[in-house]
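Everything on this sheet refers to the single structure shown next.
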Amino acid sequence: MTRHLRVDEPIHDSPLDQMAQGVLGQPLNRLEGPLKVSGRATYAAESRPRGMAYGVLVQAAIPAGKVLGIEDAPGAIAVIQDKRMIRYAAQGLAEEGPKAGPEEVEYMGQAIALVVADSLEAARHAAQNLKIRYDVQDVPVDPTAVVPELPPKKQSSTGDLDKAMQQAPFSVDAVWHTPTHAAAAMEPHAAIAEWDGDSVTIRAGLQMLSSNRKQMADALGIRPKKLRLLAPYVGGGFGSKLGINAEAVAAAIAARELGRPVQVVMTRQQVFDLAHRRSETRQRIRLACDHEGRLTGIGHEALVSNLPGSDFSEPVTQATPFTYAAAHRQIVHAVARIHRSCAGSVRAPGEAVGVTVFECALDELAEAADIDPVALRLRNIPTVEPDTERPFSSHKLAEALHEGAERFNWSERRPPRQRVEGEWFIGMGMATAVRVNQLVEARAKVTLGPDGRAIVETDMTDIGTGTYTILGQIAAEALGLPQERVEVRLGDTDFPPATGSGGSFGAASSGTSVYLACEEVRQQIAKAMGCEAVDLTLQNGLARAGNVEKPLSDVIQSPLVGEGYVEPGKTEKSVRQATWGSHWAEVAVNRWTGEVRVRRMLGLFSCGRILNEKTARSQCLGGMVFGMGIALTEALEHDPRDGHAVTRDLGEYHIPCHADVPHLEVHFVPERDPYVGPLQAKGIGELSICGSGAAILNAIHNACGIRVRDLPATPDKIIAALDP
Amino acid sequence: MDITLDLNGTSHRLDVDPRTTLLDALRHDLGLTGTKKGCDHGQCGACTVLMDGRRINSCLTLACMAEGKEITTIEGIGTPDQLSPLQQQFLDHDGFQCGYCTPGQICSATAMLEEIAAGWPSHASGSLEGPFDLSHAEIAERMSGNLCRCAAYSNIVAAIRQAAKADALHKDAA
Amino acid sequence: MKPFSFHRAASVADLPAGATIIAGGTNLLDLMKLEVMTPDALVDITRLSLDRIEPAADGLRIGALVRNSDLAADAVIRRDYPVLTRALLAGASGQLRNMATTGGNLMQRTRCPYFYDRRMACNKREPGTGCAAIGGITRNHAILGTSDHCIATYPGDMAVALRALDAEVEIDGPAPRRVPLADFHRLPGDTPHVETVLKPGEIITAVVLPAPVGGQQRYRKVRDRASYAFALVSVAAVIRVQDGRIAHAALAFGGVAAKPWRDPDAERLLIGQQPSDALFQSAADTVLRLARSQGDNGFKIPLLRRTLIATLRDATGMEAAA
């Protein structure tokens, strides 16, 4: 039986709080941890079906045009050029395969063929030595050199911002640039495809199996039920594995054609070319405030880019309309159609760069108006969502600001250049953290055996987010079992479909489906105990109702099965759902070399119920460092002539390394959000990126008086403004 | 070509293409996929293994050049049921998320602690004379050849420091 | 990787003709995987006994196969040539330093992304095809000693310190010789593919350091992240101050040219003078008098100036006194 919930109403009293096991929220170690630390967890490319061949993708060496011919390579079993091979990855949640037909080249580095050989060495050598003839087309690659599109639905305006700017005693009007970012998950995209008759099993690095299955089936021209996807362990996603990519489609086509399993692993350079990039942005921010620091005008104009016809555009201004109130507001969203690689979701699309830049602008306004940056933010927190007048589902920004200021000793902050230690200027900065929250459809199945052991099954993925562990904790809590008596099975399309890992909605959505499945099982136990479900207490494998207490094994004769299905309902629209927090950073800036060192960082986050304090904290640490990369080190540079990604390896694209990261502090602001269902939990994986870079950039200004508006703040940007 | 690899205490005979890296020999020929390929160019550290006790990037080592050396991979450091003290600390401190860089981090840390014990200085050392402490800065600098995009860095350093401290206590007691 | 025959060297005297030498392999295999380098034959020299650090006449002889990590940790190097230890420790990672050798490190090739990318024209990779870096993304390119044919840098750290220490390279071959490190690497001119004076059939057997000169030794490297990155610029400095005046000054620069850069005029300008910011500025003027920006890398001119001044302030005790 399926327990279904559409979240139309708030659930103020969570049934989970009535349960007795006491495991939910506990900082338990990861369920799959022992496998990961011992190298036994097996990722996409880590199975060896008999007879497997190795495929290597061949990439276009032109920015755009047509492939006229490819000469076969010695040493290869086959050079696969198939109309069904895709030009770029599917966007997250797409229901269809992305554009196919690799002979048409849309950007330099696009996959155009697959070379297959008996060994990786042979396939790679053959792929590197194909003779390819092209018809080259001249295309724009610079986002500032074309007239951008202005999608009507993405523009909005209230009042008269120009006038507000003119009349305000204090204002900021400046332009920021952020470069292309790469998700750069540590596991390169990989797939192993194996056919059995007309059915195919593909093991791949994917974040969202249920939509990936539709995309893949569409791309291959088969029915979804003939396709099984496996992704038991995913070596990081950060958006780059939301949709199917070229390697998995090519592996499936090749495996069919050759009648043997085929493995395709992207090289790291290919990952930079073929995984979605976060678009570079140009952001003009205009802010106006009165003498008390009340915002009167907010303008946020963004220019982003993508390939012609691609429907994704980095939603830079997503949080701007509801974060702060102002009577006069203008949002502009422009999209340049150029031929760099395909842009798509990278961790916290929109806010990661939008909030970062906006919070820098706010720091400039605070300086202009001579108001403490914390006070400025506190003064402008809206009580309801501006424009729509919808209430917020929950809103703990003020708490996060107050508590953060105290924990960080914000009162010790001095004006720029007042704190000097040897060659280093020391400064502090802060920023608001905000990210939209979303609940999505999810299904799960829970089986409770007479042995008092439970199995959770869903096609949800764990991309490092802690899904195995938190789903296990939810089931353990709801069924009254010690955590070790719950087994969680994920990453297999044979299991009930969840939406997957992305948009920070995974834990709350699939967690709720698991909870609902457990409710269904509880109902069956209650029936066997002869009581109402509300009167049933489950703890440590015992069932209790009134004065009766029995081991589950005495209650259950055969396995009890429950399915859970949650879908978003009216609360999606009736309230503004978001997560909130605050970022704090202290940096040192070298007065000679312009090097920046982060000395300490603090993050406070409110994300509803925390399902596992340990894994939740790790998510936040990761996001804070992701933001550090945005502020200080990361830039995927495009060649000005052909648009190709130049810094396309981990030696040139600098993600933060150990030495960049000091000990980081994370705290959660206690919160429950009743509008997201019985779990009262919200997204956590992205909030901590949104604004962490701004805290660092603002700290740089507080240290040395320099505003870096062209990210990242590498030494060259700092010394350009330092005294000689 | 025929080669013999001394791997986790066992000798393995292999017929490899001379082009095969130690990393690909482990993953493809021996099925030991605990050692990860993150970049294949020595730029991430996911492929770190120990060769004669020293940490190296197996992606930039030809399998045929590893003959006669003692290779230790993550599979030789501990098992899920019998984790090494360092593995246990990684687990307890949540020193990983997706887990893909983790075997490399653990192999690297295992050898790194030996390097400190042997009195090797680092870029973070104030003086080159030693002995060198187990400060956050020292460990972070020495571990910088292991990238982690999930950025479990804070937790990894805490795990390593805890393991080293426990080891020192153990040695003092002995 | 192009197929190759694999050989193990039995002795320095017995290297197969035409074979490319592999030792640490950290750069060679990196480039072979991309088929930027495509040797037909490899000869593994790691079993030759060239891995000793031993006293030489008035100095120290470092075998070509001494690993970077062993060299950095060596007690004599730490005591007498600390700038070398510092430079080694500022390079790469713990893993790479365990593999990379002294000789191989001198032979490492540029990190120019256009050299690494076979889709792009590169005179270094394929002589006569042009230089795609010029007019491209040039953030990590050279500002000194460039030509219209190549603007790549030598990326290493160790050699920068060796240059400041006046090291020599011991070469074996048909005619064994010793070459000052100053002459070992070549500027690109119109033959950027010829990077060193090493001839076919020759092998580096050692690096020889002269007697220690003492003084304050610094290696300062500025990079885009705190560790595990190539230098934007680096400065190796060996400075001795006597009676308030600079008595010895050796300065070498990394990340700015196709070889570790040194400018005797700038050093002469310092000798005999009292340390001052004005003096350091003029030393920087001298070093940079011929510097040329490619656009993105123009910042290296002020960055080198600033890094040099900071290093000199530190090495002469001005910073501590400030």
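Points to keep in mind about this one:
- Pairwise inverse Cα distances across chain A, averaged and inverted, put the Kirkwood hydrodynamic radius at 26.7 Å.
- Cα centroid separation, region B:5-83 to region C:135-171: 33 Å.
- Applying a threshold of 19 Å to the alpha-carbon distances of A:717/C:259; A:66/A:131; A:131/C:124 flags A:717/C:259; A:131/C:124 as lying beyond it.
- For region A:624-676 and region A:91-168, distance of Cα centres in Å: 21 Å
- Antiparallel beta bridges, as assigned by DSSP with both residues in the protein assembly as shown, represent about 75 percent of the total such bridges.
- Summing charges over neighbours of residue A:446, with a neighbour being any other residue whose Cβ is under 9 Å away from its Cβ, gives -2 when K and R count +1 and D and E count -1.
- Look at the dipole of the protein assembly as shown built from charges on Cβ: of A:538, A:499, A:77, the Cα furthest out on the positive end belongs to A:77.
- Using the Cβ-Cβ distance between residue A:407 and residue A:160 with R0 set to 51 Å, the FRET efficiency from 1/(1 + (r/R0)^6) comes to roughly 0.80.
- Spatially proximal aspartates and glutamates relative to residue A:396 (Cα-Cα < 12 Å; intrachain offsets below 8 disregarded): A:671, A:673
- Sum of side-chain charges, residue A:318 neighbourhood, beta-carbon under 15 Å (Lys, Arg +1; Asp, Glu -1): 0
- Look at the alpha carbon pairs under 8 Å that are at least 6 residues apart: their mean separation over the length of region B:85-173 gives a relative contact order of 43 percent.
- Per residue solvent-accessible surface (Å²) - the protein assembly as shown, probe of 1.4 Å: 33 Å²
- Cross-link reach is defined here as a Cα-Cα straight distance under 16 Å, omitting same-chain residues fewer than 8 places apart; for residue B:165 the aspartates and glutamates meeting it are B:92, B:114, B:115, B:133, B:138.
- Remark: relative contact order (region B:2-77) = 39 percent; criterion is Cα-Cα distance under 8 angstrom and separation of 6 or more residues.
- Most to least packed among A:339-345, B:146-152 [average Cβ atoms within 10 Å]: B:146-152, A:339-345
- Shape call, region A:421-472: gyration tensor on alpha carbons, a/c limit 1.5: prolate
- Summarising the strand pairing of chain C, around 85 percent of its internal DSSP beta bridges are antiparallel.
- Region A:1-144, relative contact order [Cα under 8 Å, separation at least 6], %: 30 percent
- In this assembly, the C-B interface accounts for approximately 3200 Å² of buried accessible surface in total, computed with a 1.4 Å probe and without ligands, DNA or RNA.
- Shape call, chain C: gyration tensor on alpha carbons, a/c limit 1.5: oblate
- If both residues of a DSSP beta bridge must be in region B:2-77, then about 85% of such bridges are antiparallel.
- Hydrodynamic estimate: the Kirkwood radius of the protein assembly as shown over Cα pairs, inserted into Stokes-Einstein at 25 °C and 0.890 mPa s, corresponds to D of 79 µm²/s.
- Interface residues of region A:14-48, defined as those losing at least 40 Å² of solvent-accessible heavy-atom surface relative to the isolated chain (probe radius 1.4 Å), are listed as A:29, A:30, A:34, A:36, A:37, A:38, A:39, A:40, A:43, A:46, A:48.
- Assigned charges on the beta-carbon of Lys, Arg, Asp, Glu; region B:2-77 dipole about Cα centre (debye): 320 debye
- A straight line joining the Cα centroids of region A:235-266 and region C:263-309 runs 53 Å.
- Hypothetical label at residue A:599: residues of region A:416-439 whose amide nitrogen lies under 19 Å (7 Å Cα-Cβ projection): A:416-431
- Taking a ≥ b ≥ c as the square roots of the Cα gyration tensor eigenvalues, region B:85-173 comes out oblate, since a/c reaches at least 1.5 and a/b does not exceed b/c.
- In order through region A:408-415: 3J(HN,Hα) via Karplus (6.51 cos²θ - 1.76 cosθ + 1.60), integer Hz, x for Gly, Pro: 8, 6, 4, 5, 7, 5, 10, x
- Of C:183, C:74, the order by accessible heavy-atom surface (1.4 Å probe, DNA, RNA and ligands excluded), from most exposed downward, is C:183, C:74.
- Within the same chain, aspartates and glutamates fewer than 8 places from residue A:214 are excluded, and of the rest, those with a Cα less than 16 Å from its Cα are A:95, A:96, A:441, A:459, A:492, A:494.
- The alpha carbon radius of gyration of region C:216-316, expressed as a multiple of 2.2 N^0.38 Å, is 1.04.
- A simple spin-label model places the labels of residue A:710 and residue C:290 2.9 nm from each other, with each point 7 Å out along Cα-to-Cβ.
- Positive-end ranking of A:551, B:41, A:255 along the dipole of the protein assembly as shown, with charges on Cβ about the Cα centre, is headed by B:41.
- Listed pairs A:550/A:682; A:99/A:225; A:445/B:36; A:36/C:2 exceeding 30 Å between Cα atoms: A:550/A:682; A:445/B:36; A:36/C:2
- Residue with peak Gaussian network fluctuation, chain B [Cα springs, cutoff 10 Å], from B:85, B:103, B:18: B:18
The values are calculated or read from the model by the stated rules, or taken from the named source; none is laboratory data. Quantities reported herein were computed from a predicted structural model and do not represent experimental measurements. Please note: Cβ atoms are built from the backbone with ideal geometry, for glycine as well, and neighbour counts cover all protein chains shown. Note: areas computed on protein heavy atoms with side chains; ligands, DNA, RNA excluded. Shrake-Rupley method; radii C 1.70, N 1.55, O 1.52, S 1.80 Å.
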